[in-house]
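Read through the structure below, which is laid out as structure tokens, and then see the notes.
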């Protein structure tokens, strides 16, 4: 499912930012987060790539989006410090967004990841390191609304899989323990996806 007239990485990034800007819910979350100005923050993964999939398949911009995952980076890795941020972010949103905006300190992920997912996780050095650890290249992206209204993008594997609606295992990590569940969830909402199963 190639993107007509789009051939370069820069053109795909431009198309992504156009899709993000056309999504009122996504832009609302980005605007509130910019005002909160958390250190090294990004909106990650689902709400971003799913917006592309909705645009590619003619669905409404918010279709299938279950939450908005926000990462930030604070070297204070105490739960108390993260809890202050979680409550601050929640207070900034009206109820319809409050329950689906999830914020996590990326400096703490290694402290709880293995207990929750059964996989080891090396500490991150910044928020933009995180997408490279995600389950699939198509999921590995994040955006931020900058102070000058530009939308910056991090996509360590590029955007081709996102726009082609291809899910393949992340080549730089082992197969995620929840792979089958992730694929079933995605197929249930976007049957048009192509899945490249692990060899």
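Pull up segment 156-180, narrow it to residues that are modelled with pLDDT of 95 or more and outside any loop (DSSP other than H, G, I, E, B), then point me to the one that is surrounded by the most Cβ atoms within 10 Å (Cβ to Cβ).
162
How about segment 125-153: which of its residues are in contact with a strand residue (DSSP E or B) (Cβ under 7 Å, 6 or more places away or on another chain), buried (at least 20 other Cβ atoms within 10 Å of the Cβ) and either modelled with pLDDT under 95 or part of a loop (DSSP other than H, G, I, E, B) (or both)?
136, 141
Answer yes or no as to whether residue 122 is surrounded by fewer than 18 Cβ atoms within 10 Å (Cβ to Cβ), outside any helix (DSSP H, G or I) and under 18 Å from the mean Cα position of the chain (by Cα).
Numbers: surrounded by fewer than 18 Cβ atoms within 10 Å (Cβ to Cβ): yes; outside any helix (DSSP H, G or I): yes; under 18 Å from the mean Cα position of the chain (by Cα): no.
Answer is no for this residue.
Quick check on my filter: what residues within segment 95-109 are modelled with pLDDT of 95 or more and more than 17 Å from residue 38 (Cβ to Cβ)?
Selection gives 100 alone.
For residue 189, only one of the following conditions fails: (1) over 29 Å from residue 79 (Cβ atoms); (2) modelled with pLDDT under 95. What is its number?
(2)
The values are calculated or read from the model by the stated rules, or taken from the named source; none is laboratory data. Every value quoted in this text rests on a predicted model; they were computed, and no experiment measured them. As a convention, Cβ positions derive from the backbone with ideal geometry for all residues, glycine included, and neighbour counts pool all protein chains shown.
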